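Here the structure is laid out as structure tokens; the discussion comes afterwards.
The values are calculated or read from the model by the stated rules, or taken from the named source; none is laboratory data. What you see is a predicted model; the values in this text were computed from it and never measured. Cβ placement follows ideal geometry from the backbone for every residue including glycine, while neighbour counts extend to all protein chains displayed. To get the accessible areas, we keep the full protein, side chains included, count just its heavy atoms, and leave off ligands, DNA and RNA. Shrake-Rupley method; radii C 1.70, N 1.55, O 1.52, S 1.80 Å.
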Amino acid sequence: MTATVTADFARKLKPVMVSGREVLPIIEGGKGVGASNGISAGAFAAAGAVGTISAVNQLEYDAEGNVVPLVYHGKTRIEKHRELVENGIRAGIQHAKIAHDISGGKGRIHMNILWEMGGAAEVMEGILEGAKGMIHGVTCGAGMPYRLSEIAAKHGVYYHPIISSMRAFRALWKRSYSKYVDLLGSVVYEDPWLAGGHNGLSNSEDPGRPEDPYPRIVELRQFMNEVGLHHVPIIMAGGAWHLKDWEHWLDNPEVGPIAFQFGTRPLLT
């Protein structure tokens, strides 16, 4: 019986358009602890889903596949920061190539970066320039990344903002994203109570009183529809463990195109 029910749910999982290609509605969450790398991203993409490379202080490998220790030679914080940024760019390009080779041209490959990280824009641009054609989208959160759409457009890739409420996306849309509609690949809703990443709560929300994500997603979709983004998928990030928990989200006009991001689960497995 369980296998039959699971199969029925699976049939409802429709492919979605992400970063210019139809893929399985499964997204690898970016984990800046050396866990979301070229190998994991390539595997997700090879399966027809979306793999994600973390661009946050990624680990660099030598020719034998060993981690290259990041040793600082500078004496000042400015000099050391410069070394950190340059290492991040080199390692990001390296992992993009690894993911590209493993994927075999299937799925999509994204890079994830924290907007409030020092040197984020420079690292993002350096990787996109050095791994041209190998990265299809940039996922970005941990702040209000107003310049994300501008940088993505400059390099011809899709952008995927991470937000925790409709209000946050509305502010980004009005100030910046409405100028770069064609490259908005998805809107990642990172639930403030369920996600394992850098979660955003406003002063009006109680961290001790979790809210059901469904009404918040519906509110987000309503705004997206108002501005002509009916076709843009929402990616639910946080708490995605069992398909049965999300059955009422599938084929649901209030939700629209939907995909699910898995961060903690692949980290643990």
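Data table
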| read-out | value |
| --- | --- |
| Accessible area of region 181-260 belonging to carbon and sulfur atoms, whole % at 1.4 Å probe | 50 |
| 17, 124, 166, reordered so the largest accessible area comes first (probe 1.4 Å) | 17, 166, 124 |
| Rounded to whole Hz, the Karplus (6.51, -1.76, 1.60) HN-Hα couplings of region 235-241, x for glycine and proline | 10, 7, 10, x, x, 7, 10 |
| Potential extension, residue 247-residue 86 segment - 0.36 nm per residue separation minus Cα distance | 53.5 nm |
| Nearby lysines by direct alpha-carbon distance to residue 244 (threshold 28 angstrom, same-chain neighbours under 8 apart not counted) | 12, 14, 31, 106 |
| The chain - percent relative contact order, Cα under 8 Å, separation 6 or more | 19 |
| Accessible-area order (highest first, 1.4 angstrom probe) of the listed residues 70, 148 | 70, 148 |
| Cα-based helix-to-principal-axis angle, 2-12 vs the chain, degrees rounded to 10 | 80 |
| Residues with amide H under 5 Å from that of residue 47, placed H, sequence gap 5 or more | none |
| With all protein chains modelled, accessible area of residue 178 [1.4 Å, Å²] | 50 |
| Sequence of 189, 158 from largest to smallest accessible area, 1.4 Å probe | 158, 189 |
| Spatially proximal lysines relative to residue 154 (Cα-Cα < 16 Å; intrachain offsets below 8 disregarded) | 132, 179 |
| Beta bridge orientation in region 1-148: antiparallel %, DSSP, nearest 5 | 25 |
| Cβ-defined net charge surrounding residue 238, 15 Å radius [Lys, Arg +1; Asp, Glu -1] | -4 |
| Region 1-144, dipole about Cα centre (Lys/Arg Cβ +1, Asp/Glu Cβ -1), debye to the nearest 20 | 400 |
| 16 Å reach of a label modelled at residue 171, 7 Å along Cα-to-Cβ, counting backbone N of region 221-241 | none |
